[in-house]
Amino acid sequence: MKADFAISMVVFNTEKATLERALTSVKLQSIPFHFILVDQSLEHSYRSCIPSGSSWNYLARENLGYGSGNNAGLKNLPDSDFVLILNPDVILNHDTLSVIKQIFSEDTEGKIGILSGKILNPDLSWQNLNKRFPSLAGLLGRRFAFLQKWNWFRQAVTRYEMEDCDPEKEQDVELVPGCFLCLRRIVWERMNGFDESFFLYFEDYDLCQKCKELGYRVVYTPKFSVIHEYQRKSHSSLWHFYLFAKSMIHFFRKWGFRWQ
């Protein structure tokens, strides 16, 4: 049966308490949805976290990457008007889906392809995760803070991180984060979902680029907010930094390279 939303959540070595908070917030939504938890952990041990009911689905599979997991999950869900990509560390407010549906319904020309909202830390401070098209200097300056002693790197980071972004203003942006992405289903299908050659990192930026290439808008709005228990894993392990660097190179090859 068709629902308003098809929601995909990929999980890999997530603390169950964190996951359960996210699932509870989804369960409280009043808008019809179909949800799938894509379990890519080695033990496939998250099935017990799924609430009972026909709207809730579970898929255990090999870890072939974040984008691949979401693509597989959404292929297993019925038709819907919208697609929501949701990280297991994101908590929705009780009316999040209702507000998103209203925003899309007011876009009578169907120009909004990707929509993201105000993403907050657990202390309710704003996470500025909207970005401009990245440059090498911006990415390196953000990763290695000492580089910002040089003006060239500091300016590149300021531009990339959209430090001039007003969190209270709805606006078109270049890139929004993959932890919470809402799309029209027709746009998702026209883009063929995520590019699975990105194992982790930059698959969300790539999706935004594809969306704009098709003539749709990527929009940030302050009309709804979610809580994100954010961890910058590329800063915490060499393996994640390797994946980050590999995806960065692939992104630049696909969409063009910028020094600054």
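The values are calculated or read from the model by the stated rules, or taken from the named source; none is laboratory data. Just so we're clear, the structure is a prediction, and the values are computed from it rather than from any experiment. Backbone-built Cβ (ideal geometry, glycine too); neighbour counts: all protein chains shown. What goes into the accessible areas is simple: the full protein's heavy atoms, side chains included, and nothing from ligands, DNA or RNA. Shrake-Rupley method; radii C 1.70, N 1.55, O 1.52, S 1.80 Å.
Please report the net charge: other residues with Cβ closer than 14 Å to the Cβ of Phe35, K and R +1, D and E -1. So the surrounding residues net to -1. Relative to the dominant Cα principal axis of the chain, helix 238-255 is inclined by about 80°. For Lys16, the solvent-accessible surface computed with a 1.4 Å probe is close to 90 Å², ligands and nucleic acids excluded.
Over 19 Å apart at the Cα level, from the set Lys101/Lys223; Lys212/Lys254; Lys118/Lys212; Lys131/Lys212; Lys111/Lys210; Lys75/Lys254, are Lys118/Lys212; Lys75/Lys254.
Taking a 1.4 Å probe, which of Asp166, Asp4 shows the most accessible area, and what order do the others take after it?
Descending order: Asp166, Asp4.
Here the chain is treated with +1 on each Lys and Arg Cβ and -1 on each Asp and Glu Cβ, and its dipole about the Cα centre works out to around 660 debye.
When a/c reaches 1.5 or more, the comparison of a/b and b/c decides; with that in mind, is the stretch 4-163 rounded, prolate or oblate per its Cα gyration tensor? It is prolate, given that a/c is not under 1.5 and a/b is the larger ratio.
Taking all protein chains together and rolling a 1.4 Å probe, His94 ends up with roughly 130 Å² accessible. Structure remark: mean-square fluctuation, Gaussian network model of the chain, C-alpha springs under 10 Å; the largest value among Gln148, Gln40, Gln102 belongs to Gln102.
Heavy-atom accessible area, probed at 1.4 angstrom with all protein chains present, ranks Leu64, Leu120 as Leu64, Leu120, highest first. Sort the stretch 168-260 into rounded, prolate or oblate with this rule: let a ≥ b ≥ c be the square roots of the eigenvalues of the Cα gyration tensor; rounded if a/c is under 1.5, and if a/c is not under 1.5, prolate when a/b is larger than b/c, oblate otherwise. Note, shape of the stretch 168-260 comes out oblate.
To check you understand DSSP bridge types, tell me what percent of the beta bridges within the chain (both residues inside) are antiparallel, rounded to 5. Beta bridges within the chain, antiparallel portion: roughly 35 percent. Residue ranking by accessible heavy-atom surface, 1.4 Å probe, largest first, among Ile50, Ile7 comes out as Ile50, Ile7.
With a ≥ b ≥ c the root eigenvalues of the C-alpha gyration tensor of the stretch 149-192, is it rounded (a/c under 1.5), prolate (a/b larger than b/c) or oblate? It comes out prolate by the Cα gyration axes.
Counting heavy atoms of the protein chains alone, Met191 has an accessible area of about 10 Å² for a 1.4 Å probe.
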